[in-house]
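Chemist: Have a look at this one.
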Amino acid sequence: MTARLASRLTGLNCLAAVLLASLQLTGKVGIRQVVSEGSTASTLLHIDGTSALMLTLVSVVGWAIARYSIRYLAGEARQGSYSLWLGFTVGAVSLLAVSGNLLTLFIAWSLSSLGIHQLLTHYRDRPAAHRAAWMKAGVSRIGDLAMVAAGILIYREFQTLELVSLFASVREYKATGLPASSLMPAIGALLITGAALKTAQFPFHTWLPETLEAPTPVSALMHAGIVNAGGYVLIRLSPLLAWSQTSLTALACLGAFTACFAALVMLTQTSIKKSLAWSTIAQMGFMMFQCGLGAFSAAMLHIIAHSLYKAYAFLNCGDVLNQKAAVRGVSLPFAARPAAGFGSLAVASVGTVAIYLGVAQVYGLRFSEKPGGFILCLILCLGLARWVWLTLQTSSRLLPFVGIITAAGLSAIYIGAFQTIDAIVGLEATLGSDARNVTAIAAIAASGFVFLFLFETWLWLRSVNDSHGPASWLQAAHVHASNGFYVDAALSRLTRIN
C-alpha cells in the first residue's frame, strides 16, 4: 500500500513538473519567486529554463524508479520504509532543482543526502552496504562544509542569498567593468570543491562502486539523479564562477583525468553493475570537464542524456544474460578483416570531422563562439571516428556507408539538442573561454590531449590483441586496472576504514 502511494505521489510530482515546464518553456508563465519579499531567504523557488528542465528530469526518473520498485521489492518486510524514503529523496532533489536561494538549496542538498543514506542502508544485514553508505556520508559532509563556507562568503559579499539578486549583482559587475572582489576566487573554489566531492571525482570516487550493495532501484536513483546534483549546482550558480578562472581550469583538468582514469577501469570490469558504476564516474568527470571549460549548456545536456541512459541501464541490467544470449544467436552479415592500419583511421578521422563541421554549419553553430568549443568538438569527433573506423574494418561494402550516415545523424541529433538546451537554459559564457589566459589555454589543451591519449590507447590495445595477443605486462596492467589501481585500498588505510 505504501509503495503504491509513493508511486502515485511521484507520478503527481512528474505530472506537475511536466505541466510547469511546458508553461515555462512556452512563455505562458514566468514564475521567478514565491513567498513574500522582505528577508534574505524570502525567495523559496526560482523557476526558469534551467530549473524547469532539471525538475522534469528528476520527476520523470523518480516516477519510473518508484514504479519499478513496487515489483522489485514486492513481499519484503521493509518495503514500506523503503518507499517512504524513496519519495522523500525524490522530493528533496526536486526541491533542490527549483530552489530560489542558497539556504533552500543547501537544505534540499542535505535532505537528499539523508534520504539516499537511508536507501543505501536498506539491507540491514549487508556490512558492505553500510560501509559504502558511511564512506559516501563522510565525503558528502566535507562537500557540505565547502558549500556552507561558500554561502557565508557569498552573503558577506552580496548581502543576500537570493539567486535573483545574486545574478543581478553579477550582471552589474560585468556591466560596470569593475574588478572582481578578492572573495570571488575563494567562493568559486569552494563551490567547485563541494560539487567535485558530490560527483565522485578522483580521488574521492571510491565510494560510488561500493554502493552497489543497495537495491538496484537505489543504484539507478544514485547514478541517474543524486550524483548529478553537484554538476547541477555548478550550472545553477554558473554566473558566480566567472571570476574564478583558476578554479575552473583546475576543475577542467580534474574532470579530464577522472573521466579517462574511470574509463580505463570500466573497460576491465566483469560485472555489469560495476561497469555501469565506473561509467558513471567517467561521465561525471566529463561533465565536470565541460563545466571547467565554461560550457554549462553542454553540461546540462550531458546531465539529461546521462540520467536517462543510466536509469534505463540499471533498471534493465537484470536482463543482461538474455541480451547476451540474443547477441550470440545473431549471425552477422559480414566477416571481419584485418585492420587496415592508419590509412583507414585517417580516412575515418578526416571524414568524421568534415561531417561534424558540415552539420554544424547547417545549424549555424560556430565553435569559436562557444566555451571550449574546439576541445569538445575534438572529443566528439574522436568518438564518432572510432565508430566509422570500425565499419571500415569489415568486408561489407554497405556497412561503411551506414557508419557514415550514422555519424552524420548522431552529429545532427547532438548539435540540435545542444542548440535547444542552450536556448532554453540561456547561460552566458564565463571566463572559461578567456583567450587571454595562457595558463588556462595550456591546461585545457593538456586536458584535450588526455582524451586523445585515451583514444590512442584503445587503438593500440586493439591492434595488440588482434595481432599478437595480450603480453604478460598487459595482463598485469589489466589486473591493476580492474582493481581501480588500488586507490580504494590506499584511502582505506589512510582513513582506517575496514
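The values are calculated or read from the model by the stated rules, or taken from the named source; none is laboratory data. Everything numeric here is computed off the predicted structure, so don't read it as measured data. Positions of Cβ are backbone-derived with ideal geometry, glycine not excepted, and every protein chain shown enters the neighbour counts. We work out accessible area using only protein heavy atoms, side chains counted, and drop any ligands, DNA or RNA first. Shrake-Rupley method; radii C 1.70, N 1.55, O 1.52, S 1.80 Å.
Chemist: Yes or no: residue 270 at pLDDT below 90, more than 18 Å from the chain's Cα centre (by Cα), over 19 Å from residue 300 (Cα atoms) and not in a helix (DSSP H, G or I)?
Modeler: Yes.
Chemist: If you take the residues of region 264-312 that are buried (at least 24 other Cβ atoms within 10 Å of the Cβ) and of a type in the set (Ser, Thr, Tyr), which of them is farthest from residue 426 (Cα to Cα)?
Modeler: So the residue we want is 280.
Chemist: Quick one: which residue in 139, 60 is among the β-branched types (Val, Ile, Thr) and either at pLDDT 90 or above or open to solvent by 50 Å² or more (accessible area, probe 1.4 Å) (or both)?
Modeler: 60
Chemist: Considering only region 152-164, state which residues are touching a residue at least 24 places away in the same chain (Cβ under 8 Å) and surrounded by fewer than 20 Cβ atoms within 10 Å (Cβ to Cβ).
Modeler: Listed by number, the residues that qualify are 153, 155, 156, 157, 159, 164.
Chemist: For residue 147, only one of the following conditions fails: (1) in a helix (DSSP H, G or I); (2) at pLDDT below 90; (3) surrounded by 18 or more Cβ atoms within 10 Å (Cβ to Cβ). What is its number?
Modeler: (2)
A quick yes/no check of all residues on (1) farther than 13 Å from residue 237 by Cα; (2) among the hydrophobic types (A, V, I, L, M, F, W, C); (3) in a loop (DSSP other than H, G, I, E, B):
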site: 175; (1), (2), (3): yes, yes, no
site: 184; (1), (2), (3): no, yes, no
site: 188; (1), (2), (3): no, no, no
site: 196; (1), (2), (3): yes, yes, no
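Chemist: Something else now. What is the one condition in (1) modelled with pLDDT of 90 or more; (2) surrounded by fewer than 20 Cβ atoms within 10 Å (Cβ to Cβ); (3) not hydroxyl-bearing (Ser, Thr, Tyr) that residue 183 does not satisfy?
Modeler: (1)
Here's the yes/no breakdown for (1) touching a residue at least 60 places away in the same chain (Cβ under 8 Å); (2) under 23 Å from the mean Cα position of the chain (by Cα); (3) on the phi > 0 side of the Ramachandran plot; (4) in a loop (DSSP other than H, G, I, E, B):
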| site | (1), (2), (3), (4) |
| --- | --- |
| 53 | yes, yes, no, no |
| 56 | no, yes, no, no |
| 59 | no, yes, no, no |
| 64 | yes, yes, no, no |
| 67 | yes, no, no, no |
| 91 | yes, yes, no, no |
| 106 | no, yes, no, no |
| 119 | yes, yes, no, no |
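Chemist: Just to be sure I understand, how many residues within region 200-211 are surrounded by 22 or more Cβ atoms within 10 Å (Cβ to Cβ) and part of a helix (DSSP H, G or I)?
Modeler: Residues meeting the conditions: 4.
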